[in-house]
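> First the structure, then my questions, so here it is.
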Amino acid sequence: MKISKSSSQHDHDPSNRWWILSLVALAYFVLIQHRSLLFYVQEPLSKELSLTKTQLGTLDMSFLIPYSIAQLFVAYLSDRLQRRRVLVFSLLASSMALAAMGFASGFYTLMGWRIVLGFTQSASVPAIAGVMADCFSSRNRSTAIGIYNLSLNLAFITVGKYGGLFADLPSMAVPFQDWGVGPAELSGWRLAMLCFGLLGATAAVGIFTVMPEPERTERSEQRGLGTQGAALHVTVGSVLKIRSFWMLAIGFVFFCVVANAHDFWLPRYYVEEFGMSNEASGQFATIWNRPATIVGLLVGGFLADRLARRWRSGRALVQVLGIAIWVPALYLLGNTVSQKLLAGVMVAYGLGFGFYVANLWTTTFEVIDPAARSTAIGYLNVIGIAAAPTTTVIGYLVDEQILNLGQAISGLSLVAVVI
C-alpha cells in the first residue's frame, strides 16, 4: 500500500545527513578494528600463550556467538531509544574490553574478554542501520551505505598494517608490575590492544559530543507498527513472518561463513605459506582486496540504486553478481603461489564483497516495516550465529592435518556456489 505524505513521517533526507554518516562511519571504523585486531597479532599471541589453531578459532567464535545472541534483545533498543546514546555506550564498552584483553594471562582469560567484546559491540550495528535508514531515502540508500562501508575496509587496512607492526615489536618492561597489574612484560600484541582501545575511547567521547540524533522517517500511523513502534514481541514478529527476510538471512549465513574464515585465517596463511612477517602479511592480506571492496561498494551501490528504479530485483541482482565473482577468486586464493596472481585474485574478491555488502541493508529495508529496521538488521546477525563455528572448525581440521589452510580457503568457493 502506498503511503500518503499526510499519513507518514517526512521522507526527505535531512540536510546534515552526510555529517551524521561520517560520524557513524567513524564509529564503525573503530569497532571493526577492535573485533579484527586479533587476526593480525595471532602468530606472536599464540606463541606467547601456547595456543593451538583450534583455540585461536575458538577466540573468534567467542566474539561472534555473544555478539549474535545479544541482538535478540539489544537490536530492539535502537528502534525505541536514541541511537546516538546506544552507539556511544557500545563503542566505549568495546574500547574497555579490548584494552583488558591486553592484560590476558592465558586462553580462558582472553576468551572471556572476547565474549565481553562481543556483548559490548552487539548494539552498535543495529543502531547505525537505523540512523542510515532515517538519513537516506530509498532512492539513494545503497549509494550511502556503500560510502559508509568504506570505513570497514579502511579499518581492515589500518589494523592489518599497524596491528602487524605492533605484533612485530619486541617486549617492553611494565613499570607498574610492582603493583601487581598485568604481565611483567608488555609484548607487541598486548601494546596493540591497549593503544587501539585508547583510540576507541577517544572516538566515543568525540562522537557523543558532536553527533545529533536524526528524526525517525517513513513511519505511518495508518499501518504496521505506527510512528512510535511497538512492543518487543510485536516488532520481532513483524520481522520473522516475512519470507523474503528469511531468504536474505539464509544467504547472509553462508556469506558470513566465507567472510569470517577469509578474514581470520588469510593473514596466518601468508605468514606460514610465504614466510612473511606479521606486518607484511597483514598488509598483503588487506592492501589489494580492501581498496577493491571500496570500488565495489561505490559501483555496486550506484548501480543498484539505478537498477532498483526499473526492476524490483535490481539490488538483489547486483548482490548475486558479487557472489558469483567469489567462486573462482576463492578457489585460486588457496591454490596460487604467485604473489602477483594473488594480488589480482584479492582484487576480484574485494569487488564481489563490495557488490554484496552495499545492498545487504537496503534489500532488507525494502521488505521490513520502517519501525523495525534496527531489529531486522540485528536479527540478521542473530541468524548469522550459524556461521560462528567456522574458524574453530577450520582450526581443528588444520591441527589434525586433515586440511591445510590453503585447502580450507579454496574450499570456501563451494560455499559461494551455495549462496
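The values are calculated or read from the model by the stated rules, or taken from the named source; none is laboratory data. All values derive from a computational prediction rather than experimental measurement. Cβ sites come from the backbone with ideal geometry, for glycine too, and all protein chains shown count toward neighbours. Note: areas computed on protein heavy atoms with side chains; ligands, DNA, RNA excluded. Shrake-Rupley method; radii C 1.70, N 1.55, O 1.52, S 1.80 Å.
> So which pairs qualify, if the first residue must be in the range 306-319 and modelled with pLDDT under 85, the second must be basic (Lys, Arg), the Cβ gap must be under 6 Å, and the two must be at least 6 apart or on different chains?
308/315
> Right, next: Can you name every residue in the range 47-72 that is polar (S, T, N, Q) and either open to solvent by less than 10 Å² (accessible area, probe 1.4 Å) or within 28 Å of residue 236 (Cβ to Cβ) (or both)? Spell out the reasoning first.
Looking only at the range 47-72, we keep the residues that are polar (S, T, N, Q), and these are 50, 52, 54-55, 58, 62, 68, 71.
Residues satisfying the conditions are 62, 68, 71.
> Does residue 183 meet the test of being modelled with pLDDT under 90 and open to solvent by 70 Å² or more (accessible area, probe 1.4 Å)?
Criteria not met by residue 183.
> Moving to a separate point now. May I ask you to list pairs of residues, at least six apart or on different chains, whose Cβ atoms are under 7 Å apart, with the first in the range 45-70 being closer than 26 Å to residue 277 by Cα and among the basic types (Lys, Arg) and the second being in a helix (DSSP H, G or I) and open to solvent by less than 30 Å² (accessible area, probe 1.4 Å)?
Here the result reads 53/395; 53/398, each pair linking the range 45-70 to a residue that is in a helix (DSSP H, G or I) and open to solvent by less than 30 Å² (accessible area, probe 1.4 Å).
> I've got another one for you. Any residue in the range 263-286 that is open to solvent by 50 Å² or more (accessible area, probe 1.4 Å), over 30 Å from residue 47 (Cβ atoms) and within 19 Å of the chain's Cα centre (by Cα)?
No, the range 263-286 contains no residue that is open to solvent by 50 Å² or more (accessible area, probe 1.4 Å), over 30 Å from residue 47 (Cβ atoms) and within 19 Å of the chain's Cα centre (by Cα).
> If you check 337, 271, 318, which single one turns out to be in a helix (DSSP H, G or I), β-branched (Val, Ile, Thr) and closer than 30 Å to residue 188 by Cβ?
Selected residue: 271, the only one of 337, 271, 318 that is in a helix (DSSP H, G or I), β-branched (Val, Ile, Thr) and closer than 30 Å to residue 188 by Cβ.
> Then there is this: Among the numbered conditions (1) among the basic types (Lys, Arg); (2) assigned to a helix (DSSP H, G or I); (3) open to solvent by 10 Å² or more (accessible area, probe 1.4 Å), tell me where residue 312 comes up short.
Result: residue 312 passes all but (2).
Residues are listed down the side, and each one gets a yes or a no for (1) in contact with a Phe, Trp or Tyr (Cβ under 9 Å, 6 or more places away or on another chain); (2) polar (S, T, N, Q); (3) not in a helix (DSSP H, G or I):
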site: 63; (1), (2), (3): no, no, no
site: 68; (1), (2), (3): no, yes, no
site: 76; (1), (2), (3): no, no, no
site: 86; (1), (2), (3): no, no, no
site: 90; (1), (2), (3): no, yes, no
site: 95; (1), (2), (3): yes, yes, no
site: 98; (1), (2), (3): yes, no, no
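> In the range 103-153, how many are outside any helix (DSSP H, G or I) and under 19 Å from residue 70 (Cβ atoms)?
Our first condition is that a residue be outside any helix (DSSP H, G or I); within the range 103-153, this holds for 103-106, 122-123, 136-140, 149.
This time we only want the ones that are under 19 Å from residue 70 (Cβ atoms), so: 122-123.
Total meeting the criteria: 2.
> Moving on to the next point. If you go through the range 86-105 one residue at a time, how many are within 18 Å of residue 188 (Cβ to Cβ) and either surrounded by 23 or more Cβ atoms within 10 Å (Cβ to Cβ) or small (Gly, Ala, Ser) (or both)?
At the first step, the residues of the range 86-105 found to be within 18 Å of residue 188 (Cβ to Cβ) are 98-105.
Next, only the ones that are either surrounded by 23 or more Cβ atoms within 10 Å (Cβ to Cβ) or small (Gly, Ala, Ser) (or both) stay: 98-102, 104-105.
The number of residues fulfilling the criteria is 7.
> Look through 411, 354 and report the one residue that is open to solvent by less than 10 Å² (accessible area, probe 1.4 Å), out of contact with any Pro (no Cβ under 7 Å at 6 or more places or on another chain) and of a type outside the set (D, E, K, R).
354
> Okay, next question. Can you go through 191, 198 and tell me which one is open to solvent by 10 Å² or more (accessible area, probe 1.4 Å), under 16 Å from residue 120 (Cα atoms) and either at pLDDT below 85 or under 24 Å from the mean Cα position of the chain (by Cα) (or both)? Break it down into steps so the answer makes sense when it comes.
Numbers: 191 fails: under 16 Å from residue 120 (Cα atoms).
Result: 198 is the single residue among 191, 198 that is open to solvent by 10 Å² or more (accessible area, probe 1.4 Å), under 16 Å from residue 120 (Cα atoms) and either at pLDDT below 85 or under 24 Å from the mean Cα position of the chain (by Cα) (or both).
> Look at the range 112-124 and say how many of its residues are open to solvent by 40 Å² or more (accessible area, probe 1.4 Å) and under 16 Å from residue 56 (Cβ atoms).
2
> With the requirement that a residue be surrounded by fewer than 22 Cβ atoms within 10 Å (Cβ to Cβ) and among the small types (Gly, Ala, Ser), what does the range 385-401 give you?
Passing the criteria: only 386.
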